[in-house]
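Visitor: Here it is: the structure, laid out below.
Every number here is computed from the coordinates shown, using simple stated rules; none is lab data. Since this is a predicted model, take the numbers as computed values, not measurements. Cβ: placed from backbone, ideal geometry, glycine included. Neighbour counts: every protein chain shown.
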Amino acid sequence: MFKKIAVVLTAAVLFTSCAFTETVNKKIDKAKEKVNEKVSEAEEKFSDKMEDIYGESSLDEGKRIAKEVGQNVLTAIQNEDVDALADMFCQYTVDEYGDDLKPEIQKIYDYIDGEIVSHDEIETRSNAAKMTAEDGPVIFSYHAIIENVITDNGNRYSISCKGYTIYKDHQDLVGFVQIYVTDENKFDLLHQNNVGSVDKSEFSYHIGHMPEKPLV
């Protein structure tokens, strides 16, 4: 008799436990749905606000320029055309490097081992780096990022380009400002060997230095 009661009690406890777990899971799922709804609403409001502040055309224009710059940079590298890449840089970078600009560009070409045979689609970003209530965006930047740049020697690189479509009162910074070429194979090898945190720039070659402080 005692064993029967124990079995019934155990079954009741298990049933109650399962029912409780199911109820909790349902509540968690509902909470997740509400969170996702709130996130979606916030993202939509943020997107609308971005368009109100910068104008949809500004964001699109920045991305369009970024795509164009990324493609031109890639073509110049593939052709090892020093003059083409030199002519792309803004006046600030040209003045900063002077006669050293073209030799530095050649170093980038030499840094890439082999001929480029494939790469990912060019990613583009565009946003206001600085703005004021009176003038709106006074510094508006763009980025072009090309991942998985593979050469015929099996090496893998990434290329990152940065520039500005707006830099109030400093037109010399409007245009293509800097480029980073990173050897991803060396960076991956570092992680495979479980080496501690290392600045990725140690495996990069770049041209262009930004002012230490915004000029606006």
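Visitor: 7 Å from Cα along Cα→Cβ at both residue 115 and residue 67: what's the point-to-point distance in nm?
Guide: 2.8 nm
Visitor: For residue 124, what is the net charge nearby, where nearby means another residue's Cβ is under 14 Å from its Cβ and Lys, Arg count +1, Asp, Glu -1?
Guide: Details: positive: 63, 64, 67, 125, 162; negative: 60, 61, 68, 120, 121, 123, 147.
Charge balance in the 14 Å sphere: -2.
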